[in-house]
Amino acid sequence: MPKTALMGSRIRERRQVLGMKQAELARAAGISASYLNLIEHNRRKIGGKVLLGIAQALQVDVTALTEGAEEALLDALREAAAVSRRDEAETDRMEEFVARFPGWAQLVAAQRRRILSQDRSIAALNDRLTHDPVLSEAMHDILSTVTAIRSTVSILAETPELEAVWRDRFLRNLQEESTRLVDGSQSLVSYFEDQVRTDTPFTTPLEALEVFLARRDFHLPDLETLAGPEAVAPAVEALLEAAEELNTPQARALGQTYLTRYARLALRLPADRIAALWRETPDPGALARQTRFGLADIMLRLALVPAEALGTRLGLVICDAAGALLFRKVPDGFPVPRFGAACAVWPLFQALSRPTIPAHALVETPPGRRFETWTVATPEGIAGFDTPPVFRAAMLIGPDTGALPPESAAPVGTTCRICPRPGCAARREPSILLE
């Protein structure tokens, strides 16, 4: 089913939000109510003048009806079907399912997210039980103490003719080992209680930072109006103290690094200035030359400015040299995998093979959405003669503005498991969408 197959559902939803009756919308669009009824139930395809008339009557842009916001939900359902070991899911009818039963579709997607979160938590707890030095030492002490107690009891039980002086000595050892066992057990219980009080629902510090930023739409007004460099540290500290998501030492350390960079960028390049420059020249390279900032800093700064100021919503993805995603601000319509590896043919990863060389490319994601991307890989820190450079790649993502020829669009996906593109040389695993 093409991406426009849900257009009728979007029209009906928008009409109901505005409180319009079917007859009112039909009259405003110049069509019959019966024809509109067929459209709203996805039984008739529309376009051209009819579509334009309906969009004008509903006071929305045409793309809001043709594109919609269901792609992320469809991706979640594809992911749920992919990891299932059963073959009953009718993956070819997912679009119809979303259109007819959006509430149930959202429930299935939410349950899948919850299962993923629980799986990650279980894996993290298993890793902690296996590698946590505190637990390892505590369990070693407890097992050693239990072994000593068992040996002492065996001697006392199996040697009735034991001399009194030796019996007293073994009993004294038994009392000492028992006390040690109680103390060790209490320490272990206290350790677990501390973990319960301080742990977050996030399994990694990076995930905690991502949630902290996403909840604020990656914009922090408290860091946008600082008086000078001396105000950076106190402002960052205040945000860290108030951030309930960053309540582990590791998450706070990661947050402090990121927030400090954010504050320094905001101080040197105010949001209103870079927004004005972008509206005039929507090109990160041109902005870097005008402001004398590095490309990576310009791309990050653009991603931190609200869409209302820029006139468009930009996304940003950053990865390290191993391809691990370190930063994800998901743009509208460009799905970025929450778990697992991303598409290997993204320009983001190609940038790692061309360090310091910027690239501007057009990409096309299923089912036919096009985006402009700007990528560059830059070294982190200061490299020395005795240390290799460490590179990170950044990819700024924006809507297709027509600056690049359509035929240059490179086909990309989200992740192999739910990518419908056949014949991809970079495919790591079979897709559930391909026979």
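Readers should treat all values here as calculations from the given coordinates under stated rules, not as data from a laboratory. These numbers come from a predicted model, not from an experiment. Cβ atoms come from the backbone with ideal geometry, glycine included; neighbour counts cover every protein chain shown.
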### Task
Determine the dipole magnitude for the range 291-435: charges of +1 sit on the beta-carbon of Lys and Arg, -1 on that of Asp and Glu, nothing else is charged, the reference point is the Cα centre, and the result goes in debye to the nearest 20.
180
### Message
Which of T179, T415, T373 ends up with the largest GNM mean-square fluctuation for the chain, with Cα atoms connected below 10 Å?
### Response
T179
### Query
When Lys and Arg each count +1 and Asp and Glu each count -1, what net charge do the other residues less than 15 Å away from E407, Cβ to Cβ, add up to?
-2
### Task
For S178 paired with A307, estimate the spin-label separation in nm (one decimal), with each label point 7 Å from Cα along the Cα-to-Cβ line.
6.9
## Note on the structure
Pseudo-spin-label distance R167 to R289, built 7 Å along Cα→Cβ, given in nm, is 9.8
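So, R0 is 25 Å and r is the distance between the beta-carbons of A321 and H360; what FRET efficiency does that work out to, to 0.05? Present the calculation step by step, with values, prior to reporting the outcome.
Values: r = 22 Å, r/R0 = 0.88.
For A321 and H360, the calculated efficiency is 0.70.
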### Message
Can you say what percent of the DSSP beta bridges in the range 296-435, counting only those with both residues inside, are antiparallel? Round to 5.
### Response
95
### Message
Given the options S32, A55, M7, identify the residue whose Cα lies farthest towards the positive end of the charge dipole of the range 3-68 (+1 on Cβ of Lys, Arg; -1 on Cβ of Asp, Glu).
### Response
S32
#### Entry: Filtered trypsin sites (Lys or Arg not before Pro), the range 272-328: DSSP coil and at most 15 other beta carbons within 10 Å
R292
### Message
Among V363, C419, S408, whose Cα projects farthest towards the positive end of the dipole of the range 343-435, with charges put on the beta-carbon of Lys, Arg (+1) and Asp, Glu (-1)?
### Response
C419
### Task
Set the Förster distance to 41 Å, then compute FRET efficiency between T387 and R273 from the Cβ-Cβ distance, nearest 0.05.
0.70
### Query
Can you give the charge dipole size of the chain about its Cα centre, rounded to the nearest 20 debye, using +1 on the beta carbon of Lys and Arg and -1 on the beta carbon of Asp and Glu?
2000
### Task
Output the antiparallel fraction of DSSP beta bridges having both residues in the chain, as a percent to the nearest 5.
95
### Task
Excluding A33 itself, calculate the net charge of residues whose Cβ lies under 11 Å from the Cβ of A33, where each Lys or Arg counts +1 and each Asp or Glu counts -1.
0
### Message
If exposed means no more than 13 neighbouring beta carbons inside 10 Å and the site is in a DSSP loop, what's the longest run of the chain without any exposed chymotrypsin sites (Phe, Trp or Tyr not before Pro)?
### Response
1-338
### Message
What do you get for GluC sites (Glu not before Pro) in the range 138-168 restricted to DSSP loop and a cutoff of at most 16 other Cβ within 10 Å of the site's Cβ?
### Response
E161, E163
### Query
If you look for lysine pairs in the chain that are eight or more places apart or on different chains, how many of them have Cα atoms under 25 Å apart?
5
### Summary
In nanometres, the difference between 0.36 nm per residue of separation and the alpha-carbon distance of R100 and H41 is 20.4 nm
### Cβ-based charge dipole, the chain, positive-most Cα from L174, L223, A148
L223
### Among (i) 22.5, 84; (ii) 29.4, 110; (iii) 40.7, 123, the entry that matches Rg and Dmax of the Cα atoms in Å as calculated here
(ii)
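What does the charge count near A148 come to, summing +1 for each Lys or Arg and -1 for each Asp or Glu among other residues with Cβ under 9 Å from its Cβ? Can you show the working numbers first?
Numbers: positive: R150, R180; negative: E177.
For residues surrounding A148, the net value is +1.
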